[in-house]
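Q: The structure is given below, and queries will be raised subsequently.
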Amino acid sequence: MVLPALLLVAMVSAAPDRAVRDYYATFDTPTFFNTSVQALQHLLLAGVPLVVADGARGLPMANWSCDYVRAKFPHSRIRQEGGMSDVNDTPMGSAWPDKRTLFRNSQRHPEGSPRVRPFYWDIAKAFQDEGHRQWGVAPHEVVDSLLENSAVPYWLPDQDSGVMGGSSEMWFHPRDAGAPAHMDPHCQTTVSFCFSGSRRWRMMVPPSDPHPAGYFDGHVYGTEDPTRAGEWDPAFSFDVPPGSATLVYPGMVHETLSTGSECSSSISQTFATPIAAKYYRAFWPRFAKISEDVGQCGYLVEHMATLGSGSRVGSAEAADEFARSLDLDGDGVISVNELPAQRPNAAGGMRSVAELISFHDVNHDHKVSVEEVVESWKMVRDAAEGVAQYQHKYASFFQDEGEDEANYGHDDM
């Protein structure tokens with residue numbers, strides 16, 4: 001659905017809004033080499049885009065280039081993104097790296113955005129529930145190999161590599177190909193390991209009044225809905241070499257582009273810890289409005305807001321009562337020893353002390369005060385009210401959202 005232009009004037013921003021600028025201070029992307037869990041933890045908690053130049057070091061998949069994967073799984077099947085069907089119509093062992101197919105209306109994509117369609121392989125997480133997509137020969141064996149070769153990188157905390165492997169999406173970018181700007185429906189942070197070729201990543205936090213049509217592939221370019229022209233204005237732009245890793249945080253609109261002559265192969269996997277807790281605290285009021293993607297992560301935010309106690313966010317009076325009940329010594333600070341016993345959240349997870357402190361510690365003193373807990377509680381409550389107002393504001397859109405969405409066709413080169 002195309003909204004009236006007057007209604008969307010305030011939506012199209014020429015630069016990151018003040019809250020985003022104040023939060024990040026700089027949009028330079030740090031690069032690390034031979035780093036450590038301890039060196040990166042505060043950045044991962046804060047949702048800072050970064051590059052670990054040797055991020056794939058030691059991984060069993062580190063040599064999984066486009067050609068290697070084609071040779072290892074020749075009878076599996078993949079699909080080219082941006083078409084009219086989700087069926088995997090391309091044999092892995094075929095000459096797909098030489099195929100150059102343009103996105104529909106790619107000539108109107110913003111400068112620097114991909115025009116050539118990439119290839120996509122999500123067999124590990126989708127083949128059991130989406131059998132109609134035609135996964136090729138022996139998909140169970142292929143998935144077993146993906147899981148067996150998945151591993152936690154040296155710079156992340158120890159966790160279940162099998163769970164990471166089960167979330168795998170492999171992306172193959174022939175020359176000039178890439179994924180149009182979009183948002184992923186993930187509540188956990190995603191790591192993208194680049195195994196071959198080089199890529200450019202561009203990212204932006206969505207505006208405080210996000211577009212009700214959402215952030216599906218390329219919609220922010222305005223090629224299908226002219227009222228969205230100019231909406232894509234990435235704050236972060238950085239290149240990644242082969243062997244590296246980068247991070248995509250929940251709610252972050254992101255785009256990729258192959259920048260070299262070699263076919264670029266990568267795998268994206270979500271990981272359980274750490275959660276970008278401070279980042280969630282800063283941007284939840286806007287994220288909550290994006291119901292089809294990051295807005296589904298309210299259970300996680302409420303879990304952190306109530307310090308993992310399992311309590312539900314209620315009135316302002318209840319917030320004060322809850323926070324003060326934890327401050328057993330009355331010093332105005334919730335110490336580690338005063339944290340409530342955790343209960344699993346709706347997805348069965350529990351948060352670390354570092355994540356809980358990061359979520360609430362808005363004054364950066366490495367403590368959680370009674371006042372900060374009350375403010376976090378109010379933030380979640382106010383965000384829910386903001387969602388109701390947002391849905392009322394765009395009621396006509398949500399009533400008609402069943403209309404066909406714009407999609408990307410293709411033109412062969």
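The values are calculated or read from the model by the stated rules, or taken from the named source; none is laboratory data. In this text the structure is predicted, and so the values were computed from the model without any measurement. No Cβ is skipped: glycine too gets one built from the backbone with ideal geometry, and neighbour counts run over all protein chains shown. In case anyone asks, the SASA skips ligands and DNA or RNA and just uses the protein heavy atoms, side chains included. Shrake-Rupley method; radii C 1.70, N 1.55, O 1.52, S 1.80 Å.
Q: Going by Cβ distance under 4.7 Å, what cysteines of the chain have no possible disulfide partner?
A: Flagged as lacking a Cys partner: 194.
Q: When the Karplus curve 6.51 cos²θ - 1.76 cosθ + 1.60 is applied with θ = phi - 60°, which whole-Hz ³J(HN,Hα) does each residue of region 312-327 get, with x for Gly and Pro?
A: Coupling constants for region 312-327: 9, 5, x, 6, 4, 5, 5, 4, 5, 5, 4, 5, 6, 5, 8, 7 Hz.
Q: Can you give the charge dipole size of the chain about its Cα centre, rounded to the nearest 20 debye, using +1 on the beta carbon of Lys and Arg and -1 on the beta carbon of Asp and Glu?
A: The calculated dipole for the chain is roughly 840 debye.
Q: Follow-up. Would you please name the chymotrypsin sites (Phe, Trp or Tyr not before Pro) within region 194-243 that are DSSP coil residues with at most 16 other C-beta atoms within 10 Å of their C-beta?
A: Taking region 194-243 and a limit of 16 other Cβ atoms within 10 Å, no loop chymotrypsin sites (Phe, Trp or Tyr not before Pro) are found.
Q: Note the angle between two axes, namely the Cα long axis of helix 139-148 and the longest principal axis of the Cα atoms of the chain, as a number of degrees from 0 to 90, rounded to the nearest 10.
A: Long axis of 139-148 versus the principal axis of the chain: about 50 degrees.
Q: Comparing 148, 317, 371, which has the greatest mean-square fluctuation in the GNM of the chain with Cα pairs linked when under 10 Å apart?
A: 317
Q: Oh, and also: Pick from 93, 218, 243 the residue whose mean-square fluctuation is largest in a GNM of the chain, springs joining Cα atoms under 10 Å.
A: Comparing 93, 218, 243 in the GNM, the peak value goes to 93.
Q: Excluding ligands, DNA and RNA, what is the solvent-accessible area per residue of the chain at a probe of 1.4 Å, expressed in Å²? Could you put the intermediate results ahead of the total?
A: Numbers: 17500 Å² over 413 residues.
Accessible area per residue, the chain: 42 Å².
Q: Using θ = phi - 60° and the Karplus form 6.51 cos²θ - 1.76 cosθ + 1.60, what ³J(HN,Hα) does each residue of region 333-350 get, whole Hz, x for Gly and Pro?
A: For region 333-350, the Karplus curve yields 10, 8, 6, 4, 5, 9, 4, x, 4, 7, 10, x, 6, 4, 9, x, x, 10 Hz.
Q: Where in region 288-347 are there trypsin sites (Lys or Arg not before Pro) that are in a DSSP coil and have at most 13 other Cβ atoms within 10 angstrom of their Cβ?
A: In loop regions of region 288-347 (DSSP not H, G, I, E or B), the sparsely surrounded trypsin sites (Lys or Arg not before Pro) are 312.
Q: Starting from 0.36 nm per residue, how many nanometres of slack lie between residue 129 and residue 31 once their C-alpha separation is accounted for?
A: On the way: separation 98, 0.36 × 98 = 35.28 nm, distance 3.80 nm.
31.5 nm is the gain from fully extending residue 129 to residue 31.
Q: Run down the lysines and flag those whose C-alpha is under 18 Å from the C-alpha of residue 378, throwing out any fewer than 8 positions away in its chain.
A: Residue 378 reaches 278, 289.
Q: Turning to a different aspect of this structure: Could you order 204, 84 by accessible surface area, starting with the largest, using a probe radius of 1.4 Å?
A: Working: 204 15, 84 140 Å².
I get 84, 204, largest accessible area first.
Q: Non-local amide H neighbours of residue 259 (under 5 Å, H modeled in plane, Pro and chain starts lacking H): which ones?
A: Answer set, sorted by chain and number: 198, 199, 200.
Q: Between 149, 34, 63, find the one with the highest GNM mean-square fluctuation for the chain; connect C-alpha pairs within less than 10 Å.
A: 34
Q: Roughly how many percent of the accessible protein surface of the chain is carbon and sulfur, given a 1.4 Å probe and a whole-percent answer? Provide the component values of the computation, followed by the final result.
A: Working: 8880 of 17500 Å².
Its accessible area is 51 percent carbon and sulfur atoms.
Q: Moving on. Of 270, 290, 69, which is farthest towards the positive pole of the chain's charge dipole, taken about the Cα centre with +1 and -1 on the beta-carbons of Lys, Arg and Asp, Glu respectively?
A: 69
Q: Now for a different question. Just want the answer: with Cβ charges of +1 for Lys and Arg and -1 for Asp and Glu, which residue in 392, 353, 326 is farthest toward the dipole's positive end in region 307-394?
A: Toward the positive end, the furthest listed residue is 392.
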